[in-house]
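What follows is a single structure, written as structure tokens, with notes after it.
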Amino acid sequence: MSSNHQHVNGNGLPDVNILAQLANQYFKSAPNGQASIPTYRLEPPAHSNGTVPQSVAGSGISPSALEQGAAFNIKDPQTSLPDPHFVTGQVPKSVAGSGISPAVKNAEEVPSFEQELQQIIKQISIPFPVSQLPDFSAPSFYFLSGQLSSGNAQPPFDLNTIKADFPILKQQVNGRPLIWLDNAATTQKPKQVIERISQFYETENSNIHRAAHELAARATDAYEGARKKVQGFLGAASPNEIVFVRGATEAINLVAQSWGEQFLKAGDEIIVSHLEHHANIVPWQQLAAKKGLVLRVIPVDEDGQVIIEEYAKLLNPKTKLVSFTQVSNALGTVTPAAEITAMARTTGAKVLIDGAQAVSHKRVNVQELNCDWYVFSGHKVFGPTGIGVLYGKEALLNDMQPWQGGGNMIRDVTFEHTAYQPAPARFEAGTGNIADAVGLGAALDYVSKIGLELIELYEHNLLHYATGLLKQVKGLRLIGTAADKAGVLSFVLEGFKTEEVGAYLNKQGIAVRSGHHCAQPILRRFGVESTVRPSLALYNTCADIDALVQALHQIR
Ligand code: PMP
């Protein structure tokens, strides 16, 4: 993560003021959030003059740990820096409320992290785009002050605004409020998406493109409108570059069975990374077996980041394709996608980026990445299942042979010959998943309204908050400790099978995945067959993390 994503206070702790500001802007910009923005002044934080920052609240570090001088350093999840306040035994009152009950004394007497955050949020707001936020890594941040643009009186913020958009999160599971930390497997759907799909079936449903009647026109507009939303979301040059498919898996298989079948020949080489999901291994393996291709693998280091120098050695004139993930679903590693792509260009290789785990966590721009194809699944970005996207450069898509034949993809058919439509229709044979494409459009509207930059910053802080706490759980080994990570915390717990941990958490209403996450090669690289994998999304809060960590402490 670049340095301006590191929000640390002088203690090396994630700064709750920053988290609060982010949450504030984030929740405020929620599609159903309050629109008014107050006049306010950001005061220098208390600790700038040496007093203990109130913002340490909710660090989640138990007072006992603090008394021992333990703290975690957000800049380097591997290190624990002693904190001067803690070493002197001056435990900030508000540190309690981490939600970690075994260590919290008089927990009911002190405000919880969420309560404090709410208090802070009532007082401050950042009414400017996140791209204009100051460089939080610079010490001057602590002295940020001044009158910022104003609006109307601000009603109190509700940190649960986002969560409230997701009806499924309101339920109890096993007698506890559901905490959904299985977002890398699939994300929950906001009511905006659910209602959009209902609306489609109630008022627009028709097959598209074919009939000259009102509902066909409405359905076609809705479907093609969704395509334009995807185009904007990915920064593609044209809606013709957006092919609707079932999901990331189908998109990769499409490229393998169309372009791969058509253009690759025996001896050609394909490079993938060690981090790949099976969806980005098996289709290439199948093609390699059929055509005599060579599959090469970029190794990763001990933290789970790809080793660029080793990748450079794999590249050669026979390399025809580099296909890799932007964010690992098993470890959370964010790969240097633009660099990997630029290097592939030196050999003339094509580049496919698997964005299944990226699109819900960070802004993606396919033109900036300069990839040939980019794939993702709707269900991992708060959209429906059964719909996904293959982005491809338009000229390239039009050079590729169709992979399925049928209606919708043809220009003209005789018994002797068929002329195909240009992209995207040439890859959309038959009746597509119209309603869910429309639902995906609503999901992309939803995240875009909040802002991917803000989501990334918020989750980044949450990830570091969680990383610091998990490292204090006895016997817990984090798998995947790259400096640049998004959304995923994979671990094993000494003395427990991963499924035992998953089952115990389930009893507490906490949903995490335990297993191999369809990424066996990378788990084996770290000597394990499975991990427990909590994974974050925009609706998760520090309280969710506190509940997870508390349960892990209790499991013994
Ligand atoms: N790639 C990655 C990185 C993934 O995480 C997943 C889903 N876990 C896929 C591809 C496949 O996605 P889908 O099953 O939605 O096709």
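The values are calculated or read from the model by the stated rules, or taken from the named source; none is laboratory data. These figures come from a predicted structure and were not determined experimentally. Reconstructed Cβ throughout: ideal geometry from the backbone, glycine too, with neighbour counts over all protein chains shown. The protein model used for the area step is the full one, side chains on, heavy atoms only, and it has no ligands, DNA or RNA in it. Shrake-Rupley method; radii C 1.70, N 1.55, O 1.52, S 1.80 Å.
Before moving on, here are some points about what is shown:
- All positions within the range 161-196 that are closer than 16 Å to G383 by Cβ and in a loop (DSSP other than H, G, I, E, B): D165, F166, N183, A184, A185, T186, T187, Q188, K189, P190
- For first residues located in the range 228-250 and within 17 Å of E394 (Cβ to Cβ), partners that are of a type in the set (F, W, Y) and lie 6+ apart or on another chain with Cβ distances below 7 Å form the pairs L234/Y374; L234/Y391; A236/Y391; E241/Y391; I242/Y391; V243/F427.
- Hits in the range 533-556 - residues which are away from the ligand (no atom under 16 Å from the Cβ) and not in a helix (DSSP H, G or I): L538, Y539, N540, T541, I555, R556
- Qualifying residue in the range 129-143 (condition: more than 30 Å from the chain's Cα centre (by Cα) and modelled with pLDDT of 95 or more): no
- Residue count, the range 474-528 (criterion: open to solvent by 30 Å² or more (accessible area, probe 1.4 Å), within 16 Å of the ligand (Cβ to nearest atom) and in a loop (DSSP other than H, G, I, E, B)): 3
- Residue check, V351 in contact with a Lys or Arg (Cβ under 8 Å, 6 or more places away or on another chain), crowded, with 24+ Cβ neighbours inside 10 Å and not small (G, A, S): no
- Hey, R176 touching an Asp or Glu at 6+ places or on another chain (Cβ under 6 Å), open to solvent by 20 Å² or more (accessible area, probe 1.4 Å), more than 27 Å from D372 (Cβ to Cβ) and more than 16 Å from the ligand (Cβ to nearest atom) or not: no
- Checked against (1) within 16 Å of the ligand (Cβ to nearest atom); (2) part of a helix (DSSP H, G or I), Q262 passes all but condition (1).
- Selection status of G406, in a loop (DSSP other than H, G, I, E, B), over 20 Å from P190 (Cα atoms) and open to solvent by 20 Å² or more (accessible area, probe 1.4 Å): yes
- Residue, surrounded by the most Cβ atoms within 10 Å (Cβ to Cβ), within the range 232-249, restricted to residues that are assigned to a loop (DSSP other than H, G, I, E, B) and more than 16 Å from the ligand (Cβ to nearest atom): A236
Residue-by-condition table, conditions (1) among the β-branched types (V, I, T); (2) assigned to a helix (DSSP H, G or I); (3) in contact with a Gly (Cβ under 8 Å, 6 or more places away or on another chain):
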site	(1), (2), (3)
A288	no, yes, no
R296	no, no, no
G304	no, no, yes
E309	no, yes, no
K313	no, yes, no
V322	yes, no, no
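- The residues of the range 269-284 that are open to solvent by less than 10 Å² (accessible area, probe 1.4 Å) and either over 20 Å from D354 (Cα atoms) or part of a loop (DSSP other than H, G, I, E, B) (or both), listed by number, are L275, E276.
- Taking the criterion of being open to solvent by less than 30 Å² (accessible area, probe 1.4 Å) and either in a helix (DSSP H, G or I) or among the small types (G, A, S) (or both), the residues of the range 201-219 that qualify are E204, S206, A216, A219.
Residue-by-condition table, conditions (1) within 15 Å of the ligand (Cβ to nearest atom); (2) farther than 16 Å from A237 by Cα; (3) open to solvent by 40 Å² or more (accessible area, probe 1.4 Å):
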site	(1), (2), (3)
P336	no, yes, no
R345	no, yes, yes
K362	yes, yes, no
C371	yes, no, no
F382	yes, yes, no
E394	no, no, yes
